[in-house]
Amino acid sequence: MLAAMATSLFGLAWGERVISLQQVKQLQTYYIAEAGVEYALSRCREDGEWTDGLPRVFNHDFAGGTAVVSAVKETVDGEDITVRVESRAVYQAYKRTVVARVILGPEDAIKVIGWQEKYNVFPKAGGH
């Protein structure tokens, strides 16, 4: 009886460990996607020629993963430029996507008008 209880407790503990590791990897992937958005926004802020060259798509490595980032001008209203940035991150077998819409104003001002995660139906690579 005691052996059965010990085996059950070990199985529960092991299952919790696996779930915790998966959550950490999902969170790491989300942060990599956010880093891709932040990197694109920093390029927009620091380099006017980079912004003039939109749309752009690039890969960048962050914290052991990769973000594929696209930045596209949506509208231009006087000195204000609305830009949509999408960052698709891959970390190990996990994928997450973050989309931001911002207004780039004069003197390097950035106003965030939208920031959200796109939810994947199958968050792990290969749909498992």
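The values are calculated or read from the model by the stated rules, or taken from the named source; none is laboratory data. Predicted model only: the values in this text are computed from it and were never measured. Cβ: placed from backbone, ideal geometry, glycine included. Neighbour counts: every protein chain shown.
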* Structure fact -> Result of the Cβ filter at 8 Å on segment 24-44, keeping first residues that are closer than 13 Å to residue 116 by Cα and partners that are of a type in the set (S, T, N, Q), at least 6 apart or interchain, is 33/87; 33/97; 34/87; 37/87
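The rows are residues; the columns are (1) of a type in the set (Val, Ile, Thr); (2) modelled with pLDDT under 95; (3) touching a helix residue (DSSP H, G or I) at 6+ places or on another chain (Cβ under 7 Å).
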{"site": "65", "(1), (2), (3)": "no, no, yes"}
{"site": "72", "(1), (2), (3)": "yes, no, no"}
{"site": "78", "(1), (2), (3)": "no, yes, no"}
{"site": "86", "(1), (2), (3)": "no, no, no"}
{"site": "97", "(1), (2), (3)": "yes, no, yes"}
{"site": "100", "(1), (2), (3)": "no, no, yes"}
* Asked: If you scan segment 48-58, which residues turn out to be within 18 Å of residue 82 (Cβ to Cβ), not in a strand (DSSP E or B) and not aromatic (Phe, Trp, Tyr)?
  -> 48, 51, 52, 53, 54, 55
* Looking only at segment 54-99, which residues are closer than 16 Å to residue 27 by Cα and aromatic (Phe, Trp, Tyr)? -> 62, 91, 94
* To do: For segment 116-127, state whether one or more residues are outside any strand (DSSP E or B), modelled with pLDDT under 90, over 30 Å from residue 21 (Cβ atoms) and more than 12 Å from the chain's Cα centre (by Cα).
  => no
* Tell me which residues, restricted to segment 59-105, are farther than 30 Å from residue 22 by Cα, among the acidic types (Asp, Glu) and part of a strand (DSSP E or B). => 74, 77, 80
* Return a yes/no flag: does segment 47-56 have any residue that is within 20 Å of residue 117 (Cβ to Cβ) and surrounded by 11 or more Cβ atoms within 10 Å (Cβ to Cβ). => no
* Structure fact -> Flagged in segment 1-38 as at pLDDT below 90, among the aliphatic types (A, V, I, L, M) and assigned to a helix (DSSP H, G or I), in numbering order, are 2, 3, 4, 5, 6, 9, 12, 13, 18, 19, 21
